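See structure below.
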Amino acid sequence: MPPEITEAQVRAALQTRPPEMAIDADLDVVAVMRAGRRLHRTRVATLGGLALTGIVAVALLATSVLGGPTRTSGTTPADQQDTPPLSAADRHAALVTWADCLRSAEIPGVSVIGPTEGSDQIDYRDTNGTPLPKTFRDANGEWGSATEACAQKVPALLPELEDQWGDLHSGPAREAGELAAYNKCLADHDLGSADTTDTAAAAAAGCVYSPYDPDAAKVLQCPDGQHQSGLHGIYDHGPWVPTIQAAGQAWLDRQQDSDEFSRTILDPDDQGKHSILHALSRDGRTTAVVYLLTNTYKGWRLQGENLCE
């Protein structure tokens, strides 16, 4: 049974994905990769499924893993209209940094070959010599984490790397960076660290841990100009109610704009856990995800939410 969210746990406020990843170039890739080893990248339908440094519970939606067309070996330029193109020499140097970073992760069963002098070609292969598909990031958490961490060392390559491997902003590497920023804010205000500081005191000082939930992004159908708020714990859980429908109505009753949402439905991919609801707008779009506590004897109670805003 998922634990209740308290004020000592997650808050979220990210509304957009950052255009650049401003994380220290000395990010410990191996440590991030090891975190990925513990993270099965297919999300499970529970709140508090991922523990980050022992203090943060994150709501994870039960959605399918990243899909898209299969990519194999080779790195190719992407359309980079928003940023000036790299010189050939700078691009080659960045590709070397990227490949060397991946090799330093020493992921079992994976080889990264290239680039070589005079060639920017990089081959990513498994133990059978088969090129790694794009979906390998989801099947192998270590590889997924390593690609996210290593991409932050070469931000100029990000458009083409994401064209090949998918979203590289929002995995364990990003989570580690956000937690580091939170700890720095606490230190700047002489509040200790995330392990020891009450989040109410942290929030009063303007320090908020704000993870982005890529799985909620797959579900939410936000109107133009809106983005997910990120996971918010519902600290005033309200009473236990006997049915999941009553829990959904309790959430609707709490909304300031009663016309914004029409109803709640059970997450179609709930897989029998009965702990996640989708809140629908008047035109039928999913514009909020609601997480519930469940108890065999007590029923249902509100736990967390992630809304378009």
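The values are calculated or read from the model by the stated rules, or taken from the named source; none is laboratory data. All values derive from a computational prediction rather than experimental measurement. As a convention, Cβ positions derive from the backbone with ideal geometry for all residues, glycine included, and neighbour counts pool all protein chains shown. Calculation scope for accessible area: heavy atoms of the full protein, side chains included, ligands and nucleic acids excluded. Shrake-Rupley method; radii C 1.70, N 1.55, O 1.52, S 1.80 Å.
Under a 5 Å amide H to amide H cut-off, with H placed in plane at 1.01 Å, what residues pair with S262 once short-range neighbours are removed?
Close amide H contacts, sequence-distant or interchain: L280, S281, R282.
Quick one: what are the phi-derived ³J(HN,Hα) couplings along segment 183-196, Karplus 6.51/-1.76/1.60 with θ = phi - 60°, whole Hz, x for glycine and proline?
For segment 183-196, the Karplus-derived couplings read 5, 5, 4, 4, 5, 4, 9, 6, 10, x, 10, 4, 5, 10 Hz, x marking Gly and Pro.
HN-Hα J couplings of segment 106-116 from phi, Karplus 6.51/-1.76/1.60, θ = phi - 60°, integer Hz, Gly and Pro as x?
Going residue by residue, I get 6, 7, x, x, 10, 10, 10, 10, x, x, 10 Hz, with x marking Gly and Pro.
Quick one: Kirkwood hydrodynamic radius for segment 192-259, alpha-carbon pairs, angstrom, one decimal?
For segment 192-259, the Kirkwood estimate is 15.3 Å.
Taking H placed 1.01 Å from N in the peptide plane, check which residues at least 5 places from Q121 or on another chain put their amide H under 5 Å from its amide H.
T116
Heavy atoms only, 1.4 Å probe, whole protein assembly: order C222, C308 by accessible area, highest first.
I get C222, C308, largest accessible area first.
Tell me whether segment 111-181 comes out rounded, prolate or oblate; compute the Cα gyration tensor, take square roots of the eigenvalues as a ≥ b ≥ c, and use a/c under 1.5 as the rounded threshold.
In terms of gyration-tensor shape, oblate.
Quick one: net charge around R282, please, counting Lys, Arg +1 and Asp, Glu -1 for every other residue with C-beta under 15 Å from its C-beta.
Cβ neighbours under 15 Å give a net charge of -2.
Is segment 154-308 rounded, prolate or oblate when judged by the Cα gyration tensor, a ≥ b ≥ c being the square roots of its eigenvalues, rounded requiring a/c under 1.5 and prolate requiring a/b larger than b/c?
oblate
With θ set to phi - 60°, apply the Karplus curve 6.51 cos²θ - 1.76 cosθ + 1.60 along segment 223-231 and write out the HN-Hα couplings as whole Hz, x wherever there is a Gly or Pro.
Per-residue couplings from phi come out as x, 3, x, 10, 9, 5, 6, x, 6 Hz.
Whole Å is fine, so just give me how far the alpha carbon centre of segment 271-299 lies from that of segment 96-127.
43 Å
For Y209, which sequence-distant residues (separation of 5 or more, or a different chain) have an amide H within less than 5 Å of its own amide H, given hydrogens modelled in the peptide plane?
R11
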